[in-house]
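Scroll down for the structure; my scribbles are underneath it.
The values are calculated or read from the model by the stated rules, or taken from the named source; none is laboratory data. Owing to the predicted nature of the structure, the values given are computational and were not obtained by experimental measurement. Using ideal geometry, Cβ is built from the backbone for each residue, glycine included, and neighbour counts are taken over all protein chains shown.
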Amino acid sequence: MASRFSFFFFPISAALLCLRALPSSAAEPARTSIPAIIVFGDSTVDTGNNNFVKTVLRSNFKPYGRDFIAGKPTGRFCNGRLATDFMAEALGLGEEVPAYLDPARSIQDFAKAVCFASAGTGMDNATAGVLNVIPLWREVEYFKQYRRRLRQLLGGDAARRTISEALYVVSIGTNDFLENYYLLVTGRFKQFTVSEFEDFLVGLAAEFLTEIYRLGARKVLFTGLSPMGCLPLERTINWIGIGECNDEYNAVAAEYNAKLEVMVNELRVSLPGLTLIINRVYNLLLEMIQNPAQHGFETADRGCCATGLLEMGYLCNEFNPHTCPDADKYVFWDAFHPTQKVNQIVADRFINHTLAEFLD
Ligand SMILES: *[C@@H]1O[C@H](CO)[C@@H](O)[C@H](O)[C@H]1NC(C)=O
Ligand SMILES: *[C@@H]1O[C@H](CO)[C@@H](O)[C@H](O)[C@H]1NC(C)=O
């Protein structure tokens with residue numbers, strides 16, 4: 001017990017050294033000062049909330065989840081775990097982040113890890129409306145309810161500590177472009193130029209971040225956009241060069257990410273005590289897509305499930321004979337979402353390079 005005891009009382013710098021020395025997030029969980037992980041966003045981090053919402057955007061059936069714990073489909077848009085699940089494990093907060101709307105879970109389960117995310121949602125209310133999923137403002141309402149339930153469970157002081165010391169992970173934005181602006185169904189394309197729409201979204205991101213800060217959040221990881229023009233579905237429907245990445249979409253993602261940096265720098269000044277870091281996934285993912293072999297992948301231009309060209313949700317199902325046998329060889333699981341292997345790399349990079357900034 002002596003070594004375990006001393007682990008808890010390590011000075012932060014020593015604890016950090018231990019953390020850096022860990023071989024990967026699959027190793028013994030690190031003991032850090034982070035008491036909980038709290039997740040907002042879309043399908044990149046939804047661990048099953050859409051199962052409890054009246055939407056067609058679901059993934060709680062096989063082959064989704066075939067590489068998850070016990071091979072269980074959970075509503076994650078993945079063959080296995082999401083980056084936030086790996087982050088939770090590395091922080092010693094459990095193997096998975098439970099979905100807040102799951103009636104089989106209680107506030108005890110959520111005290112260390114909770115997910116409010118909803119596949120198909122965005123920062124723009126109109127995005128959530130397309131497939132009738134949970135708008136971001138309602139994710140915040142659930143968070144307010146969560147704070148009340150946590151106070152009842154832990155008492156005021158402990159709940160306040162959890163809320164202010166927790167790591168908040170936000171991953172959202174792709175759907176605002178691909179399911180809303182560029183799909184033309186909401187009319188946003190008539191109302192805004194794409195540059196104006198980027199500004200509109202960055203403004204909504206700032207409002208959201210200010211709101212969760214007001215509610216007690218102090219350690220926030222906000223995910224930038226990935227090279228969304230290289231998602232297999234976007235290659236398939238790219239009229240300019242079928243099968244190629246959509247360069248316009250990638251340029252928009254990069255431009256939006258640059259605007260996000262400016263906004264975040266401003267918020268850091270105006271919201272004292274806030275550690276707000278952008279999770280810069282664009283280059284990491286583009287590198288994996290352009291040089292898959294260097295990262296141990298074989299295929300990056302289509303997904304593992306079904307033909308890999310356009311299936312996701314109900315079109316990616318167990319009756320399709322084309323699904324690949326080993327998803328670890330693929331960057332993408334379905335036509336829109338990365339594999340568990342990619343999610344683990346994203347989480348490992350966070351643990352190795354970014355987590356330290358949240359521990360001072
Ligand atoms: C989104 O909808 C909520 C609830 O109706 C509303 O409070 C909020 O102002 C809306 N946001 C925008 C930007 O329209
Ligand atoms: C994280 O660090 C471990 C140990 O140094 C290393 O094996 C792993 O490749 C790193 N992963 C990333 C994504 O940086």
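Descriptive notes on the structure:
- Verdict on residue 323 being part of a loop (DSSP other than H, G, I, E, B) and closer than 16 Å to residue 77 by Cα: yes
- Number of residues in the range 176-198 that are out of contact with any Gly (no Cβ under 9 Å at 6 or more places or on another chain) and either within 13 Å of ligand 1 (Cβ to nearest atom) or polar (S, T, N, Q) (or both) equals 6.
- Scan of the range 210-241 for residues that are away from ligand 1 (no atom under 15 Å from the Cβ) and either of a type in the set (Ser, Thr, Tyr) or within 13 Å of residue 263 (Cα to Cα) (or both), ordered by number: 213, 222, 223, 224, 226, 236
Conditions (1) within 15 Å of ligand 2 (Cβ to nearest atom); (2) modelled with pLDDT under 95, marked per residue:
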{"site": "281", "(1), (2)": "yes, no"}
{"site": "288", "(1), (2)": "yes, no"}
{"site": "300", "(1), (2)": "no, no"}
{"site": "321", "(1), (2)": "no, yes"}
{"site": "325", "(1), (2)": "no, no"}
{"site": "346", "(1), (2)": "yes, no"}
{"site": "349", "(1), (2)": "yes, no"}
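- Among residues of the range 66-104, those that are in contact with a helix residue (DSSP H, G or I) (Cβ under 7 Å, 6 or more places away or on another chain) and either hydroxyl-bearing (Ser, Thr, Tyr) or in contact (Cβ under 8 Å) with a residue 60 or more places away in the chain (or both), counted: 12
- Subset of the range 65-84 [closer than 15 Å to residue 49 by Cα and either among the aromatic types (Phe, Trp, Tyr) or outside any loop (DSSP other than H, G, I, E, B) (or both)]: 77, 84
- Verdict on residue 121 being closer than 25 Å to residue 255 by Cβ and in contact with a Pro (Cβ under 8 Å, 6 or more places away or on another chain): yes
- Any pair with Cβ under 7 angstrom, 6 or more apart, that starts in the range 122-141 at a residue that is in contact (Cβ under 8 Å) with a residue 60 or more places away in the chain and ends at one that is near ligand 1 (Cβ under 10 Å from one of its atoms) and in a loop (DSSP other than H, G, I, E, B): 136/123
- From the list 141, 165, 207, the one residue that fits, being of a type outside the set (Ser, Thr, Tyr), touching a Ser or Thr at 6+ places or on another chain (Cβ under 7 Å) and either closer than 21 Å to residue 118 by Cβ or away from ligand 1 (no atom under 15 Å from the Cβ) (or both), is 165.
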